[in-house]
Amino acid sequence: MAFRVIALALVGAVLLSACDQGTDYDSNRGDDAYDLEAMALQASDLPANFEQAPGYSFGPEEWAEIFGSDDPEATVRQLEAQGWLKNWVTEATPPQFGAVLNIRSVSTLYTNEGSAKESTERFACGLPLSLNVQLDPFIVPDIADQSNGFFVEEEIDGSGTTLVYTTVCFRTGRIVHVVQQASLPGIEDIGAALRSADKMLKRVDAAFADEEDDGED
């Protein structure tokens with residue numbers, strides 16, 4: 001825990017002014033007017049030599065399957081009740097074993113700002129985690145309209161091997177964005193996750209600006 005606090009202290013102050021731009025994110029556009037793909041982390045935003053797979057768009061039915069629920073139809077109903085509409089996901093991995101094993105970005109569109117706010121506060125920022133999964137929160141700088149940060153540990157095989165996902169999420173209007181970095185327990189890097197979130201915010205701001213320009217043409 002001491003390492004996590006030190007990492008945040010070193011990086012948080014630097015990113016605080018960079019992340020909170022006071023930008024107005026329009027929530028009144030049509031559902032198809034938000035370019036979630038353009039908001040994702042791109043290959044140039046990743047550490048050297050990381051390889052990014054093609055991104056994927058998920059609807060409620062496909063996303064519900066990732067939860068591993070015994071009742072996927074109930075999970076779909078739950079997502080819909082939370083105002084979940086669709087998302088865009090990217091995954092990137094290093095060429096060889098290292099401190100960070102995976103970097104994921106997710107942008108999820110909700111029906112309204114209230115639903116997106118509740119997701120950021122209560123529903124693990126829209127990630128495929130059941131409500132009984134334990135989250136280990138950490139403090140993050142103000143990012144966009146709202147931000148949150150937490151660690152979540154997940155067993156990856158039957159032998160007890162686990163990974164820790166350092167998670168930073170932020171909201172722009174009715175869209176919730178997530179950056180997750182997977183690592184072995186004990187070597188989590190909050191600073192790196194915050195830097196990735198800052199890069200993703202720049203992508204998001206550029207996408208909103210482009211959409212606004214298109215609307216004025």
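The values are calculated or read from the model by the stated rules, or taken from the named source; none is laboratory data. This is a predicted model, so every value here is computed, not measured. So basically every Cβ, Gly included, is an ideal-geometry build from the backbone, and we count neighbours across all protein chains shown. Calculation scope for accessible area: heavy atoms of the full protein, side chains included, ligands and nucleic acids excluded. Shrake-Rupley method; radii C 1.70, N 1.55, O 1.52, S 1.80 Å.
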Original post:
For segment 118-140, what are the residues that are open to solvent by less than 90 Å² (accessible area, probe 1.4 Å) and touching a strand residue (DSSP E or B) at 6+ places or on another chain (Cβ under 7 Å)?
Top reply: 119, 120, 125, 126, 127, 129, 133, 135, 136, 138, 140
Original post:
If only one of 108, 75 is hydroxyl-bearing (Ser, Thr, Tyr), touching a Cys at 6+ places or on another chain (Cβ under 9 Å), over 19 Å from residue 192 (Cβ atoms) and open to solvent by less than 60 Å² (accessible area, probe 1.4 Å), which one is it?
Top reply: 108
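Could you list all residues from segment 71-113 that are of a type outside the set (Phe, Trp, Tyr), within 18 Å of residue 208 (Cβ to Cβ) and free of Cβ contacts under 8 Å to residues at least 60 places away in the same chain?
The first filter runs over segment 71-113 and keeps only residues of a type outside the set (Phe, Trp, Tyr), leaving 71-83, 85-87, 89-96, 98-109, 111-113.
Next, from what is left, pick out any that are within 18 Å of residue 208 (Cβ to Cβ): 85-87, 105-109, 112-113.
Once the filter is applied, which keeps residues that are of a type outside the set (Phe, Trp, Tyr), within 18 Å of residue 208 (Cβ to Cβ) and free of Cβ contacts under 8 Å to residues at least 60 places away in the same chain, segment 71-113 yields 85, 86, 87.
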Original post:
Of the residues in segment 153-173, how many are open to solvent by 10 Å² or more (accessible area, probe 1.4 Å) and in contact with a Phe, Trp or Tyr (Cβ under 9 Å, 6 or more places away or on another chain)?
Top reply: 4
Original post:
Within segment 181-190, is even one residue surrounded by 18 or more Cβ atoms within 10 Å (Cβ to Cβ) and among the β-branched types (Val, Ile, Thr)?
Top reply: yes
Subject >> Check on residue 149, surrounded by 13 or more Cβ atoms within 10 Å (Cβ to Cβ), of a type outside the set (Phe, Trp, Tyr) and either within 23 Å of residue 90 (Cα to Cα) or out of contact with any helix residue (DSSP H, G or I) (no Cβ under 8 Å at 6 or more places or on another chain) (or both) >> reply: yes
**OP:** Just name the residue that is farthest from residue 33 (Cα to Cα) out of those in segment 191-217 that are open to solvent by 60 Å² or more (accessible area, probe 1.4 Å), out of contact with any helix residue (DSSP H, G or I) (no Cβ under 6 Å at 6 or more places or on another chain) and part of a helix (DSSP H, G or I).
**Re:** 195
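Of the residues 176, 168, only one is within 12 Å of the chain's Cα centre (by Cα) and over 14 Å from residue 193 (Cα atoms); which? So that I can check it myself, show each step before the final result.
Values: 168 fails: over 14 Å from residue 193 (Cα atoms).
Exactly one of 176, 168 is within 12 Å of the chain's Cα centre (by Cα) and over 14 Å from residue 193 (Cα atoms), namely 176.
Of these, 13, 18, which one is modelled with pLDDT under 90, in a helix (DSSP H, G or I) and surrounded by fewer than 14 Cβ atoms within 10 Å (Cβ to Cβ)? Explain how you work it out, then say what you get.
Values: 18 fails: surrounded by fewer than 14 Cβ atoms within 10 Å (Cβ to Cβ).
None of the others qualify; the one that does is 13.
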**OP:** Could you please tell me which pairs satisfy a Cβ distance under 8 Å, a separation of 6+ or placement on different chains, a first residue in segment 31-50 that is under 13 Å from residue 89 (Cα atoms) and part of a helix (DSSP H, G or I), and a second residue that is of a type in the set (D, E, K, R) and open to solvent by 60 Å² or more (accessible area, probe 1.4 Å)?
**Re:** 38/203; 38/210; 39/203
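Answer with yes or no whether residue 97 is modelled with pLDDT under 95, touching a Ser or Thr at 6+ places or on another chain (Cβ under 9 Å) and farther than 22 Å from residue 139 by Cα.
Values: modelled with pLDDT under 95: yes; touching a Ser or Thr at 6+ places or on another chain (Cβ under 9 Å): no; farther than 22 Å from residue 139 by Cα: yes.
No: the conditions fail for residue 97.
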